[in-house]
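Before any comments, here is the structure.
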Amino acid sequence: YIVMEKKDGVVPLYLKLVRAATVFLMILVLTIINAYYLNRNEPQLIRSFARLAMFFIAIIGTTALCRWFAAYDLRGEVVPIVVLVMVYTIAYNQVMAALVSLSVSLIVTLATVGELSQFVIFMSISATSIMLLNKVAARSKLITVGFATAITYLLVFCGMEVLRSSSISILWSEGDLIIEGLKGAGWCFAAGFLV
């Protein structure tokens, strides 16, 4: 085996190549789904280079910001996702926002921790934002959505930890766990104010 050194051991190169190929195929599938949706349902976006460029810049910028926040382990990577989803829901529609949140959530999960629980959390907070933003009559609606997103984050985060450990007692026995959940919830609430 050709091996590459890793911080905590040795990883065969073929496993790295399999992971890279899998990630590439997943991104390719997402790209095809997004292109099909845009071509079929958002032709005005495709016809305008400026609009299409802004669409992709927002997605790439959100992914980069999430990656940057994730490096500091503050749970702040939820802010760019919630902001992007809220803006796309308001500016376009709920279906486009859901498709974009699926794409960005998967890309960010693969680019950071790569755990299913992270993806589930991202999709849960995105779905909460999208469902509650059917109409925005006042700015206070955005703060309400931020609060609901924060509650969703906390509940799903704790739920995923219980599933991971197979014990509900982990919520009481590990104080850092609740603090981590509250950090993420706080960032979700802040995203509502930011939007």
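The values are calculated or read from the model by the stated rules, or taken from the named source; none is laboratory data. Everything numeric in this text was worked out from a predicted model, so none of it was measured. Cβ coordinates were reconstructed from backbone atoms using ideal geometry, including for glycine residues, and neighbour counts include every protein chain displayed. Accessible surface is based on the protein model in full, side chains and every heavy atom, while ligands, DNA and RNA are left aside. Shrake-Rupley method; radii C 1.70, N 1.55, O 1.52, S 1.80 Å.
Cβ-Cβ distance of Val18 and Leu182, R₀ of 25 Å, FRET efficiency by 1/(1 + (r/R0)^6): the value works out to about 0.10. Once the Cα-Cα distance is subtracted from the 0.36 nm per residue extended length, the Ile143 to Arg67 segment shows a gain of 24.9 nm.
For Phe119, Phe49, the ranking by accessible surface with the largest value first comes to Phe49, Phe119, using a 1.4 Å probe. Overall, the anisotropy analysis places the range 1-103 in the oblate class: the square-rooted eigenvalues a ≥ b ≥ c of its C-alpha gyration tensor yield a/c not less than 1.5, with a/b not exceeding b/c. Only Lys, Arg, Asp and Glu carry charge here, each on its Cβ (+1 for the first two, -1 for the last two); on that basis the range 75-195 has a dipole of about 500 debye about its Cα centre. Spin-label pair Leu25-Leu45: with each label point 7 Å from Cα along the Cα-Cβ axis, the two points sit 2.7 nm from one another. Taking mean projected area of the Cα convex hull in nm² straight from the coordinates, which label in (i) 14.3; (ii) 19.6; (iii) 13.0 is the correct one? So the structure-derived entry is (iii). Shown is the FRET efficiency for Ala35 and Val136, computed with R0 = 25 Å from the Cβ-Cβ distance and rounded to the nearest 0.05: 0.30. Counting only whole DSSP H helices of the chain, the ones at least 20 Å long by C-alpha along their axis and with mean Kyte-Doolittle hydropathy no lower than 1.6 are 94-111, 116-132. Can you compute the modelled spin-label distance between Leu110 and Leu74, with each label point 7 Å from Cα toward Cβ, in nm? Between Leu110 and Leu74, the simple spin-label model gives 2.8 nm.
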